[in-house]
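Notes for the one structure printed next.
The values are calculated or read from the model by the stated rules, or taken from the named source; none is laboratory data. Worth saying up front: this structure is predicted, and the values here are computed from it rather than measured. When we count neighbours, we look across all protein chains shown, and the Cβ atoms used for this are built from the backbone with ideal geometry, even at glycine. Side chains are part of the model used for accessible areas, which takes the heavy atoms of the whole protein and leaves out ligands, DNA and RNA. Shrake-Rupley method; radii C 1.70, N 1.55, O 1.52, S 1.80 Å.
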Amino acid sequence: MPQYQVVKGARDIFPDEIVRWHYVEGVVHRLALLYGYSEIRTPVFEYTELFQRSIGATTDIVGKEMFSFLPDPQGRSITLRPEMTAGVMRAVLQKNLLSTAPVHKLFYLSELFRKERPQAGRQRQFSQFGAELLGVSSPAAVAEVITFMMQVFETLGIRGLKLRINTLGDSSDRARYREVLRDYLTPFYDRLDLASRERFEKNPLRILDSKNPDMQEIIAGAPRLHDSLSSEAVADFEKVRFYLDSRRIAYDIDYRLVRGLDYYCHTAFEVTSPELGAQDAIGGGGRYDGLAKELGSSGEVPASGFAAGMERVLITMEKQGLFAALSPPGPKVYVVAQQQGLLDHAMQVAYRLRSEGISTEVDLAGRSMKAQMRDANRMRACFALFIGEDEVVSGAYALKNLVTADQTSQSLDAVIELINQYSGKEPES
RNA sequence: GUGAUUGUAGCUCAGUUGGUUAGAGCGCCAGGUUGUGGCCCUGGAGGUCGGGGGUUCGAGUCCCCUCAUUCACCCCA
């Protein structure tokens, strides 16, 4: 057992896996461009109050999952970001971005940190890609965000995902409902579990998504938020459904979908993957028109957004066999030195090839030809170029096609020409 | 934070009721083939049995502690 190991809940990503990340990231970038979203990068840490204010002091994330520390004894506490929306909103407000154009569409691909016990599909450092649509308050905006997210999943080839949506109404709807819910729950107070009692005062809505079996009976009989909604909120939700229906995006309505973060209003949504085990949310999001005000903005900044868990996407794709054809690219040419004394010459030839834009490998360790050939094979090089005494004297190099095993002897210029013309497939393995 | 689970070679795992020098497959390295890979054959390297303590004539096997892993609860991506 090595003395040093990765920090609990973090992991290393090696080259054979990184190709998968590049693939997914490429799809995200491509579709972001297609939908008109530009990338934003914000710092990995923010002042702690930002998260307390935006995510909500009563949430689990703020209550027990943040990595917070003091940069210096007199400094303000700072926190490794547990989610992206707060930081993006802070950046947008700080720069007064909405003054340059009324609508901004941003996407990101970032690392987040949450101090949870790791388990399948859950890490302490993890990555999300997501988007924020700022400046538009409408069902059309949430619908676009959902569409964007679902198209990413679809483009990646992921199957069997389930989209659930709900509406939380606006703040006055929720205030009204909070009272209705409290009135209903009061007679059951003695039967509520500890977590639910804590939420009773501050955020009774979140009692509804408790998974405690003992609570289910009580929850099942609760009045629905839906029945407390204003007609505007109902119409808003109907409109979102209309957009999803017209784009043939399948979904279920889940009246109990509340989501953990306090800043959501109106539409909230979540996508689950059948491949994930207990932590099965692969993406989620919603609308949060009130967040900017909460952060002290004088003007309104209505917003919608989604976030998807990169690792969970990767797990799902792996289980569905969507990476079968993916492997790290091999070099075009492997320069094989007949004996160690010819390494200098081999390196010189390699540099020449590289200067011609041809990816080239040389065995710097000076191993046997057999080892070099095995290496070339393993790396799935297309060609082997042999450097022996004959070649050095004659200037004619033996070039072997490692797929067909054809071999010719040519000047270096002719070899470069041949390689550049070659467009055949890489060796199978 | 709570519960359970598993730690033996680089990887996946065997290891009988405690009993000599702890094994296999794959991978790695070398040779067979001194200018040519994949396949095959032969050989080799590589292990404080997670760590510490205890019981015992004797511990990879039993007990205690500890660290780590994984899964689940909670919650979320």
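Taking all protein chains as shown and a probe of 1.4 angstrom, A:Asp344 keeps an accessible surface of around 110 Å². The C-alpha atoms of chain A define a longest principal axis, and helix A:343-355 lies at about 50 degrees to it. The heavy atoms of A:Asp254 offer some 40 square angstrom of accessible surface to a 1.4 angstrom probe. Where in chain A is the longest stretch that carries no trypsin sites (Lys or Arg not before Pro) classed as loop by DSSP and with at most 16 other Cβ atoms within 10 Å? That gives A:257-366 as the longest site-free run. Counting 0.36 nm for each residue step from A:Arg191 to A:Ala365 and taking away their Cα separation leaves a gain of 55.5 nm. With every protein chain in place and a 1.4 angstrom probe, the accessible-area ranking of A:Glu275, A:Glu300, largest first, reads A:Glu300, A:Glu275. Estimated at the nearest 10 Å², the accessible area of A:Ser246 is 70 Å² with a 1.4 Å probe.
When both the range A:50-112 and the range A:321-337 are represented by their alpha-carbon centers, they are found 40 Å apart.
Note on A:Asp60/A:Tyr184: beta-carbon distance plugged into 1/(1 + (r/R0)^6) with R0 of 30 Å gives a FRET efficiency of 0.80. Based on Cα contacts under 8 Å between residues 6+ apart, chain A shows a relative contact order of 15 percent. Helix A:15-35 and the long axis of chain A differ in direction by around 60°, with both axes built from C-alpha atoms. Other residues within the sphere of radius under 15 Å centred on the Cβ of A:Lys115, judged by their own Cβ, net out at +2 (K and R +1, D and E -1). Between A:Asp214 and A:Met347, the distance separating the two model label sites (each 7 Å from Cα on the Cα→Cβ line) works out to 7.2 nm. Its relative contact order, with pairs defined as Cα atoms under 8 Å and 6+ residues apart, puts the range A:333-421 at 29 percent. In the range A:49-136, Cα pairs under 8 Å separated by at least six residues give a relative contact order of 25 percent.
Which entries of A:Lys105/A:Lys162; A:Lys332/A:Lys400; A:Lys115/A:Lys162 have Cα-Cα distances beyond 18 Å here? Over 18 Å Cα-Cα: A:Lys105/A:Lys162; A:Lys115/A:Lys162.
Using a probe of 1.4 angstrom and keeping all protein chains present, the accessible surface of chain A works out to 50 square angstrom per residue. Against the main long axis of the alpha-carbon atoms of chain A, helix A:139-156 sits at an angle near 30°. Of the solvent-accessible surface of chain A, computed with a 1.4 Å probe and all protein chains present, 50% belongs to carbon and sulfur.
In summary, the aspartates and glutamates within cross-link reach of A:Lys319, defined as a Cα separation below 18 angstrom excluding same-chain residues under 8 places away, comprise A:Asp16, A:Glu17, A:Glu154, A:Glu275, A:Asp280, A:Glu311.
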